[in-house]
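Down below is the structure, laid out as structure tokens.
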Amino acid sequence: MPGPFTTTSTKPHNRNPTGRNQYKDCPPKNDNQVTELLYDYQRREIFDKKKISQLLYDEHGIKLSESSVARRRRALGLYASGVTTRQLPETVKRQLVLTQMSKDPEKKLGPRMVKQLIARDTGIHLTRDYIRAEMMRQDPEGFASRDTSVKKVNMLEISDGESRIHSMTVLPTC
């Protein structure tokens, strides 16, 4: 019994045939420019979704919400150091640290610099805590020689022309 409010059409009605919605300024999911910019921010060690959203708008005029930034980074497999450190196998992480340590025979680089070099060379971000622990495990002597709490004291001896020699402690300047 057809009434005035029933429809006899079996074809579904599309209320938005052009696909336009309230997010008209947001670029599509497959936009190559946004993908390249997200990879660039990853290389520059910018992980904060708020900051990335703001940089996209300020530098390129691309309006992308924080949640969209997070969703696209996740789809591209771009994570910060904590997630990457948890997901990578132990052998891969150890090899990355050992490779950077072998490039520094004088053992001058600390965990922060090793972290930056690994990220620059491979694009993989590990936590500084993991790198520090691995460096201490692999080379404790080299790690102790870089200890910033130990100050080297230089003795300066001055002769005043007589038989007395005055000694003085000179602390290094930074």
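No value in this document is a laboratory result; all are computed from the given coordinates. Computed from a predicted model, the values in this text were never measured in an experiment. Neighbour counts run over all protein chains shown; Cβ positions are idealised from the backbone, glycine included.
Toward the positive end of the charge dipole of the stretch 32-78, with +1 on the Cβ of Lys and Arg and -1 on the Cβ of Asp and Glu, the farthest Cα among Ile52, Ser65, Asn32 is that of Ser65.
Between Arg137 and Ser102, what FRET efficiency comes out of the Förster formula 1/(1 + (r/R0)^6) with R0 = 22 Å and r the beta carbon distance, rounded to 0.05? The value I calculate is 0.90. Quick one: go through the stretch 111-137 and flag any residue whose amide nitrogen is under 11 Å from the point 7 Å out along the Cα-to-Cβ line of Val92. Residues 124-125 qualify, since their backbone N sits under 11 Å from the label point. Per residue, the convex hull spanned by the alpha carbons of the stretch 32-78 comes to 62 Å³. Suppose R0 equals 41 Å; then what is the FRET efficiency for Met113 and Asn32 from their Cβ-Cβ distance, rounded to the nearest 0.05? Efficiency at R0 = 41 Å is approximately 0.80. Computed from the C-beta positions of Arg74 and Arg43 and an R0 of 25 Å, the FRET efficiency is 0.90 to the nearest 0.05.
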